[in-house]
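Report on the structure given below.
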Amino acid sequence: MSTSKDFASVLMLDGVALDSAAPMIPATWPAMMRGEGIFEAFLVDDARGPARLNDHDARLCLSARLAGFEVGAGQLQSRLSEFLPLIDKGQWRVRCTVLRGENNQQHWLMSAGPEQAVPESVVLAMSDFRLDPLDPMSGAKTISRAMHQRARAIAVADGAFEAILLTIDGDVAEGTSTNIFVITNGVLKTPPLDRGILGGVTRQNILRACQFAGIDCQETRLELSDLAAADEIYISNAVIGLIPVTKILKIREDYPGMKGSKLVEIRDAYRCFLESTIT
């Protein structure tokens, strides 16, 4: 994944390009003091926006409603169009963040850095942190991510790429920045939104792609026993796409990873779906 330094190599605040090495955000903003902000992140290839930018726009609007911001449909596209001329060709990870400033003002921070190589497969670790399915903010993608960052850091220290969080009821929820899928008897399964997870744009479009391609898929509650018994496991987000899992520490160590029999089929379905929706 990109380092913080790489990620902030190109910046724009409220439409003004900035020097990434210079101070830019007052320390007194609620965004800095209390973590009041929402964001979207995705890949940009050769200064072109992602195929399903409208889905990111819709989720930013949802996050805004849940977190008390005012963001209208199409604002993400508008801000991105201002920002893209600053980005060179190649693959970049772009983040659009809406921050709370003084006197309840909103500020739009666009940032980007060259994306680094994504692993072919990953190892996961189970986290001790828990999510509450009844949390009214669970569907918002916010910058208040101390718990997620700590869970991820512990997992990385244990030799994993990502941490998997359970709900307070003990069922499987999501990763710290990813959604999780399992394959069982040829059926693709993922936890439903009512389990307190963030509705990932990639997750949503993988499900759409499978329905379009006739691949059996379900949004259903997953238990730890489902992870142990799964034929294949994947994680997903808008930056890494769909990545297979080889091991979940203390759960199981022999998932097929890149050799999974359904991986190519699902990835192909996802790619075809995205290509069919490009306008």
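The values are calculated or read from the model by the stated rules, or taken from the named source; none is laboratory data. Every value quoted in this text rests on a predicted model; they were computed, and no experiment measured them. Every residue, glycine among them, receives a Cβ derived from its backbone with ideal geometry; neighbour counts consider all protein chains shown.
Worth pointing out:
- Unmet criterion (only one of (1) loosely packed, with under 13 Cβ neighbours inside 10 Å; (2) within 24 Å of GLU40 (Cβ to Cβ)) for GLU120: (2)
- Of all residues in the stretch 14-25, those that are closer than 14 Å to ALA112 by Cα have Cβ atoms under 8 Å from Cβ atoms of residues that are among the aliphatic types (A, V, I, L, M) and assigned to a loop (DSSP other than H, G, I, E, B), 6 or more apart or on another chain, in LEU18/MET24; SER20/ALA8.
- Across the stretch 190-201, the number of residues qualifying as closer than 18 Å to TYR270 by Cβ and buried (at least 22 other Cβ atoms within 10 Å of the Cβ) comes to 3.
- Qualifying residue in the stretch 98-121 (condition: touching an Asp or Glu at 6+ places or on another chain (Cβ under 7 Å), among the basic types (Lys, Arg) and touching a residue at least 12 places away in the same chain (Cβ under 8 Å)): yes
- SER78 of a type in the set (Ser, Thr, Tyr), within 30 Å of SER121 (Cβ to Cβ) and either loosely packed, with under 13 Cβ neighbours inside 10 Å or more than 16 Å from the chain's Cα centre (by Cα) (or both): no
- All helices (runs of 4 or more DSSP H) inside the stretch 2-98 with 1 or more residues being at pLDDT 95 or above: 30-34, 53-67, 75-83
Conditions tested, residue by residue: (1) modelled with pLDDT of 95 or more; (2) surrounded by fewer than 20 Cβ atoms within 10 Å (Cβ to Cβ); (3) farther than 13 Å from VAL122 by Cβ.
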position	(1), (2), (3)
ALA228	yes, yes, yes
TYR234	yes, no, no
ASN237	yes, no, no
MET258	yes, yes, no
ILE266	yes, no, yes
THR279	no, yes, yes
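- The listed residue being more than 24 Å from SER9 (Cβ to Cβ) and touching a strand residue (DSSP E or B) at 6+ places or on another chain (Cβ under 9 Å), out of GLU102, GLU70, GLU82, GLU40: GLU70
- Summed over the stretch 155-189, residues that are free of Cβ contacts under 8 Å to residues at least 12 places away in the same chain and closer than 15 Å to VAL245 by Cβ total 0.
Residue by residue, here is whether (1) of a type in the set (Ser, Thr, Tyr); (2) over 16 Å from the mean Cα position of the chain (by Cα); (3) on the phi < 0 side of the Ramachandran plot; (4) part of a strand (DSSP E or B) holds:
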| site | (1), (2), (3), (4) |
| --- | --- |
| MET126 | no, yes, yes, yes |
| MET147 | no, no, yes, no |
| VAL156 | no, yes, yes, no |
| ALA160 | no, yes, yes, no |
| ILE164 | no, no, yes, yes |
| SER177 | yes, no, yes, no |
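Conditions tested, residue by residue: (1) surrounded by fewer than 22 Cβ atoms within 10 Å (Cβ to Cβ); (2) hydrophobic (A, V, I, L, M, F, W, C); (3) out of contact with any Lys or Arg (no Cβ under 8 Å at 6 or more places or on another chain).
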{"residue": "ALA146", "(1), (2), (3)": "yes, yes, yes"}
{"residue": "ARG150", "(1), (2), (3)": "yes, no, yes"}
{"residue": "GLY159", "(1), (2), (3)": "yes, no, yes"}
{"residue": "GLU162", "(1), (2), (3)": "no, no, no"}
{"residue": "THR167", "(1), (2), (3)": "yes, no, no"}
{"residue": "GLY170", "(1), (2), (3)": "yes, no, yes"}
{"residue": "THR178", "(1), (2), (3)": "no, no, yes"}
{"residue": "ILE183", "(1), (2), (3)": "no, yes, no"}
{"residue": "VAL187", "(1), (2), (3)": "yes, yes, yes"}
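- Filtering the stretch 81-97 for residues that are aromatic (Phe, Trp, Tyr), in contact with a helix residue (DSSP H, G or I) (Cβ under 8 Å, 6 or more places away or on another chain) and not assigned by TED's automatic domain parsing to the domain that holds THR142 leaves an empty set.
- Of the strands (runs of 3 or more DSSP E) contained entirely in the stretch 181-244, those carrying at least 2 residues that are touching a Gly at 6+ places or on another chain (Cβ under 9 Å) fall at 232-237.
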